[in-house]
C-alpha cells in the first residue's frame, strides 16, 4: 500500500470514529452552534444600533463566519488532548499505522463541525437580514475559502492539543488565544480606526483577510459609516486569505507531526 | 532452521532511559525466548512500564539496543509495530464506541478490509466472552470487560509478541483468572508473551522466566524455581497453639535455623530459613517436645517468590504495594486474629 493511500485509509477510519463520538455526544458541539448565534445577536443588536443598523449587521457576518471557524480550533485541541490523556493515542502509536493520520482524522472530522456551525450561522444571518448579494458561484467559493481556513485553524488547534500536558491545560490554552486573534481584526470594526501597532497587526491578520474575502464574495460592502479598508491585504483579500490558510496548514502540520513523534503521555 | 539456535523474541542490551534527572532504566539486559511467557516483576516505579514503552516503540531509549524478532526497534519501528500487540496499563478503550466498533477500528488501522475487519472483531468478542455486549457502548462496561476488550485489541493482528502491561491490576479475582487463561491460550497459539506485574503469584503461575526489576536494574532473572532456590531453599514454619509458648518456640527455632527467625504474633507464626530441612525439622520437633510447646502446625516449605522478592529488594523497599482490595487474594488466609498484632519484639522473647 502506498503511503498516500495508507494515510487516506487510516485518516478516514479515525474520522469515522470521531464522527461517531460527536453523534453520540451531541452536547459536545452545542457550543459551536450556539456561539455564532450568540455573537450574531449580541454584536448585531448591542453594537449594531450605534454603528449603522442593518448595514452593520450585514457587515459583521463576514467577521462572524471567520470567528466561528477559528473558535472551532479548540475542538481539535480538546479532542486530541482527551485521546492523549486516556491512552487512546498510545494504542494508535503502537499500531503500524500512518503517523499523520491520528491528526488528519481529527482535523477532517472537525471540518464537519465547522460545516454545521457555518450552516447555523448562515441561517441566523438570514434571519437578521444578511443576504448573499453577489453571484452564487462566488458565494460557493466563499464558503470553500472559509472551510479551508477552518482546516488551517484545526491544525493550529492540533498542535496546541499536543503541547498541552493535560485536558485542563488544553481547555484553557485552546481558548485563550482565540479572543485577541479574532478581535484584533476587521471582523467587527474597521481596522483603520485602530491605533498603531494594532492597526498593522489587524491589517495583516489572516482573520481580517478572511472576513474581507467573505464580504467580497458574498457581496456585503463595508458600511459607509466605517472607514473603508485599504492596503495590500485588504485589496487582495481572497488571494491573501488562501495563501495564509495554505501557509498555516504547512507550518502547523509539520509542527504537529514533529510534536506527535516525540509526545509521551506518561 | 534445524540445528540453529532460535532467535530470541525480544533482546535487550544495555538499555538506559532517564526522565530529567531521574534514571528510569539504568542498564537493562534481557533475553526472551520465543514461545514463552516472560514476566517483568517489580514494585511501582521500578522501570517496568518504561521498558514496555521502549519495546513497543512508544519511547526512544537514551542508550542501548532492543530487538523484537530480530528487528531493531530504533531502526525500523514500523516493522516492530507489525509484530507486536500492546495492552496498556490503562485500558485504551473509546467509551463512545461499542465493543465491536472499538475492535473494528483497530482492525482497520492494521490495514484490514471491511469484511475481514468485521469478522476479526466478531471473533475476538466471542473469544473474550463479550459477544453479548458487542453492540453496547463500552462506557457501560465494567472494569473487567474494558480490560478484556483492550486485551482483545492487542490480538487483532495475531502478533508474534504480545505485551501486557499489568494486565490484571484492578481486576476482580474472576476476571484475573480469565486473563490468566487467555495468556495460556496465547502461548498455545505460539505467541511470546511479555507481561509486567506487581503480583508475585501471577509471575509464579504464568511465567516461564521471571526478571525481577528494581530501581531500573534487573536484580535477578531465571525460572521461578531458580529464583526460589537462589534465596536459600527451605523454610521451617511453625504455629503455636498458645501465644505464651511463642518465646520458647522462638528460642528453639533460633538454634536450628540459618538466620534469626521472624515472628508474626497475630498469627502465632514463627518462620526460619533452614538448611537440610528434614534434619532441622526432626531436631526442632525433639526440642519442642522437650520444652512441652504445643504446636498447631509445623512444616517445611520451599521459599516463595515473596521471600525472593523481599530478600532481593532488601525488604526495606517492601513487597509490592497492594493496589486494591483484591490483593488479599494472594495472601494466605488468616483464621484467627488475636488482639495483639505486629512482630514480637526481642525483649519479649528474651533473646
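None of the figures in this text is laboratory data; all of them are computed from the coordinates on show. Quick caveat, the model's predicted, so the values are computed rather than measured. Using ideal geometry, Cβ is built from the backbone for each residue, glycine included, and neighbour counts are taken over all protein chains shown.
Springs between Cα atoms under 10 Å define the GNM used for chain B, and in it the highest mean-square fluctuation of B:296, B:58, B:15 occurs at B:296. For the protein assembly as shown, the share of DSSP beta bridges that are antiparallel, to the nearest 5, is 65%. When restricted to Cα atoms, the range B:186-233 yields an Rg and a Dmax of 11.7, 36 Å, respectively. Per residue, the convex hull around the alpha carbon atoms of the range A:219-266 comes to 136 Å³.
In the frame of its principal axes, the range B:53-126 has Cα extents of 41, 25, 17 Å, reported largest first.
The orientation-averaged shadow of the Cα convex hull for the protein assembly as shown, equal to a quarter of the hull surface, comes to 37.3 nm². Taking B:268, B:65, B:113 as the candidate residues, the one with maximal mean-square fluctuation in a Gaussian network model of chain B, Cα springs under 10 Å, is B:113.
With contacts taken as Cα pairs under 8 Å at a separation of at least 6 residues, chain A carries a relative contact order of 27 percent. Treating the Cα atoms of chain B as identical point scatterers in vacuum, please give the log10 of the normalised Debye intensity I(q)/I(0) at q = 0.07, 0.15 Å⁻¹, two decimals. Taking Cα atoms of chain B as identical point scatterers yields -0.39, -1.21.
Of the peptides B:155-161, A:93-99, B:221-227, the ranking by mean beta-carbon count within 10 Å, highest at the top, reads A:93-99, B:155-161, B:221-227. Counted over the range B:110-152 with a bin width of 5 Å, the fraction of Cα pairs per bin, in whole percents, is 5, 23, 30, 22, 15, 5, 0.
Counting Cβ atoms of other protein chains within 10 Å of each residue's Cβ and taking the mean over peptide A:84-93 gives 6. From helices alone, chain B scores -10000 deg cm²/dmol at 222 nm; the rule is -39500 (n - 2.57) for each run of n ≥ 4 DSSP H residues, then divide by the residue total. Computed across the range A:1-101, the Kirkwood radius stands at 16.5 Å (inverse of mean 1/r, all Cα pairs). Mean projected area of the Cα convex hull of the range B:197-264, taken over all directions, amounts to 6.4 nm². Its Kirkwood hydrodynamic radius, worked out from the mean inverse distance over all distinct Cα pairs, puts the range A:156-266 at 15.6 Å. Highest mean packing first, where packing is the average number of other Cβ atoms within 10 Å per residue, the peptides A:116-124, A:84-92 line up as A:84-92, A:116-124. The tail of the calculated P(r) for the range B:48-201 beyond 17 Å holds 62 percent of all Cα-Cα pairs. Volume per residue of the convex hull around the Cα atoms, evaluated for the range B:21-61, comes out as 88 Å³. Dividing the helix sum by the residues of chain A, where each DSSP H run of 4 or more adds -39500 (n - 2.57), gives a mean residue ellipticity at 222 nm of -24000 deg cm²/dmol. Each part reduced to its alpha carbon centroid, the range A:54-127 and the range B:70-119 end up 26 Å apart. Here the range B:137-262 is described by how far its Cα atoms reach on the three principal axes: 62, 33, 29 Å, from widest to narrowest. Taking a ≥ b ≥ c as the square roots of the eigenvalues of the alpha carbon gyration tensor, the range A:28-68 is prolate, as a/c is not under 1.5 and a/b beats b/c. The angle between the Cα long axis of helix B:277-290 and the main principal axis of chain B comes to about 40°, on a 0 to 90 degree scale. Measuring nothing but how far apart in sequence close Cα pairs (under 8 Å, 6+ apart) lie, relative to its length, chain B scores a relative contact order of 18 percent. Nearest 10 degrees, 0 to 90: what angle lies between the long axis of helix B:173-188 and the longest principal axis of chain B (Cα atoms)? Rounded to the nearest ten degrees, it is 60. The shape of the range B:1-120 comes out oblate: with a ≥ b ≥ c from the C-alpha gyration tensor, a/c is at least 1.5 while a/b does not beat b/c. On a 0 to 90 degree scale, rounded to 10, what angle separates helix A:237-262 from the longest Cα axis of chain A? Taking Cα atoms only, the helix is inclined about 20 degrees. Here the range B:150-197 is treated as an ellipsoid with the same Cα gyration tensor; its semi-axes, largest first and in whole Å, are 18, 11, 10. With only Cα atoms counted, chain A has Rg and Dmax values of 18.9, 61 Å. Peptide B:92-105 is shielded by partner chain Cβ atoms: per residue, an average of 4 of them sit within 10 Å of its Cβ.
Summary value for the range B:27-177: 27 percent relative contact order, contacts being C-alpha pairs under 8 angstrom separated by 6+ residues.
Per residue of B:49-56, other chain Cβ atoms within 10 Å of the residue Cβ number 2 on average.
Apply the a/c threshold of 1.5 to the C-alpha gyration tensor of the range B:111-209 and tell me whether it is rounded, prolate or oblate. It is oblate, given that a/c is not under 1.5 and a/b is not larger than b/c. Calculated on the Cα set of the range A:49-187, radius of gyration then Dmax: 17.4, 59 Å.
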